[in-house]
Amino acid sequence: MQGDGGVQGDSGVQTGAGPQPEPIRFFGTTWVGHDEGYGLRRVGAAAGSLLAAVAACLVLRFAYQGLEIAAVGGFVNMLVVVMFAVCSAIAFRKTWEGFSSRPTGVVTPDALRSLRAIGFVGVLLAYFLRSLVEAPGEKLHREEYETARAQYEKRRATRTGNPAARKSKGGKPRRR
């Protein structure tokens with residue numbers, strides 16, 4: 001969550017006081033109120049990731065044909081296919097899990113960068129499928145944002161205000 005600021009805007013996004021929603025790639029903070037073209041952005045993200053996945057599969061097919069032309073052998077061809085399939089499956093799973101929870105433990109997103117680069121088709125498919133339901137990562141961001149807002153409101157409600165403006169027991173304000 002971002003810092004403190006002021007007044008709530010039209011989309012429900014705090015523009016001032018309290019925690020600010022974290023922007024999501026391609027969606028900004030439109031995920032909070034589902035406004036400003038949120039639906040069109042979701043359709044665009046889903047179509048774009050699906051088209052990119054199809055293009056990636058075509059590129060992989062050309063690479064495989066290049067291996068066949070080079071006659072590197074059946075073992076290498078099989079090894080390349082298995083490597084891309086396994087890396088795509090792992091990349092899909094890790095990307096999908098990243099939409100609903102923050103990474104914990106030793107394995108960080110940076111540690112998986114090379115695996116996701118090889119299994120990029122899995123990442124694109126995960127992004128496509130998640131875009132059909134919500135903005136990728138929206139559920140996680142919404143939970144964190146609502147938790148932060150609730151904590152902020154709770155802290156704000158328990159404040160006693162300006163001690164200098166408090167009334168003394170006699171009903172008159174204290175003077176300095």
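Efficiency by 1/(1 + (r/R0)^6): what FRET value for Glu97 and Phe62, r their Cβ-Cβ distance, R0 = 41 Å, to the nearest 0.05?
On the way: r = 31 Å, r/R0 = 0.75.
Using R0 = 41 Å, I get an efficiency of 0.85.
Can you send over the solvent-accessible area of Ser49, 1.4 Å probe, protein chains only, in Å² to the nearest 10?
Approximately 10 Å² for this residue.
Residue farthest toward the positive end of the dipole of the range 26-141, with Cβ of Lys/Arg at +1 and Asp/Glu at -1: which of Ala89, Leu125, Leu58?
Of the options given, the answer is Ala89.
At 0.36 nm per residue, and after removing the present C-alpha to C-alpha distance, how many nm does the segment from Ala150 to Glu36 gain when stretched out fully? Show your work: numbers first, answer last.
Numbers: separation 114, 0.36 × 114 = 41.04 nm, distance 2.52 nm.
The span from Ala150 to Glu36 would gain 38.5 nm if fully extended.
Hey, can you find the accessible area per residue of the range 22-100 for me, probe 1.4 Å, expressed in square angstrom? The partial results should precede the final answer.
Working: 4830 Å² over 79 residues.
On a per-residue basis, 61 Å².
Give me the percent of accessible area attributable to carbon and sulfur for the range 49-130, probe 1.4 angstrom.
Carbon and sulfur atoms account for 75 percent of the accessible area of the range 49-130.
Quick one: length gained pulling Val54 to Lys139 fully straight, 0.36 nm per residue minus the C-alpha distance? Present the calculation step by step, with values, prior to reporting the outcome.
Values: separation 85, 0.36 × 85 = 30.60 nm, distance 2.69 nm.
Contour length minus Cα-Cα distance gives 27.9 nm.
Could you tell me the calculated FRET efficiency between Arg25 and Ala71, based on Cβ-Cβ distance and R0 = 25 angstrom, to the nearest 0.05? Let's see the in-between values first.
On the way: r = 42 Å, r/R0 = 1.69.
The value I calculate is 0.05.
About its Cα centre, how strong a charge dipole does the range 104-161 have in debye, to the nearest 20, once Lys and Arg get +1 and Asp and Glu get -1 at the Cβ?
Details: 10 positive and 7 negative charges, 52 e Å.
The calculated dipole for the range 104-161 is roughly 260 debye.
The values are calculated or read from the model by the stated rules, or taken from the named source; none is laboratory data. What you see is a predicted model, and the numbers here were worked out from it, not measured in a lab. So basically every Cβ, Gly included, is an ideal-geometry build from the backbone, and we count neighbours across all protein chains shown. Just the protein is used for accessible areas: all its heavy atoms, side chains included, with ligands, DNA and RNA removed. Shrake-Rupley method; radii C 1.70, N 1.55, O 1.52, S 1.80 Å.
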